[in-house]
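The values are calculated or read from the model by the stated rules, or taken from the named source; none is laboratory data. Here the structure is a predicted model, which means the values were calculated and not measured. Cβ atoms come from the backbone with ideal geometry, glycine included; neighbour counts cover every protein chain shown.
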Amino acid sequence: MPHARLALALPLLLIGGCSALDPPSPEPWAPRAPVVTESRYLHTVHFATDRAELAPGELESLRSFLAALPAEGRYRALVMGHADERASDAYNLALSDRRARHVADLLRAHGLEQVEVSRRAYGESRPVDPGRGEPAWARNRRVEILVRHWVAEAPRCGEGDRTPSLHGQQLLPDLGCATAANLVAMVADPADLAEGRPLGPADGIREAEAVVRYRTDKVRPLLDEGRQP
């Protein structure tokens, strides 16, 4: 009986010893991906009473703001027009819209002509100063400009962390790195890598008819410009 117990215990000791000597499994390895960085720049310009055009001093302030923006990368801008509390709600809403339109045109004319510029008009509904009198009204007659700026950076292939295999070798060290680098080089707007874009309207009937033509083998062949009809 002692010999039988020893024979049963020996395999168990061997199994336990083998498991203790095995190295731990490597951590899951994630493919390389572009790094997209967003920065935000805010500027405010003010207007005279019942005016929708910038005075020379405010125009120069806007030009200085645009000149200080980074030269590289992509931009999107939001222009928000406001008015003071005097006059009717409808009049102030229209006035703030004219102010926002004027500033948006200036952005396009002074370096952001290729930038997507959105406008908002709030009238007197969002005062920055709730007080009464000319000092408060002067601060509320304004247009706020929010410029969002994105830069995409490709990963450095061959210089990152590498996951060791169970046998001490390197295991797919740069998986996806070239794909990520090519994506950064080809994308027109780095902002699309960060947040995408909303889908536009689609013609459901047209798309369904295309599927029917494909299924019934009625797809027209591509025209060969080299062949004469």
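Output yes when any residue across region 112-135 is at pLDDT 90 or above, among the β-branched types (Val, Ile, Thr) and surrounded by 14 or more Cβ atoms within 10 Å (Cβ to Cβ), and no when none is.
Yes, there is a match, as at least one residue in region 112-135 is at pLDDT 90 or above, among the β-branched types (Val, Ile, Thr) and surrounded by 14 or more Cβ atoms within 10 Å (Cβ to Cβ).
Taking region 123-149 as the region of interest, how many residues are out of contact with any Phe, Trp or Tyr (no Cβ under 8 Å at 6 or more places or on another chain) and under 18 Å from Leu54 (Cβ atoms)?
6
Restricting to region 24-48, name every residue that is part of a loop (DSSP other than H, G, I, E, B) and at pLDDT below 95. Please lay out each step first, then the result.
The first filter runs over region 24-48 and keeps only residues part of a loop (DSSP other than H, G, I, E, B), leaving 24-34, 47-48.
Scanning region 24-48 gives Pro24, Ser25, Pro26, Glu27, Pro28, Trp29, Ala30, Pro31, Arg32, Ala33, Pro34.
Of all the residues that make up region 72-112, how many are among the charged types (D, E, K, R) and over 23 Å from Glu38 (Cβ atoms)?
Residues in region 72-112 being among the charged types (D, E, K, R) and over 23 Å from Glu38 (Cβ atoms): 9 in total.
Would you pick out the residues in region 53-99 that are part of a strand (DSSP E or B) and either of a type in the set (Asp, Glu) or over 27 Å from Ala188 (Cα atoms) (or both)?
Gly81
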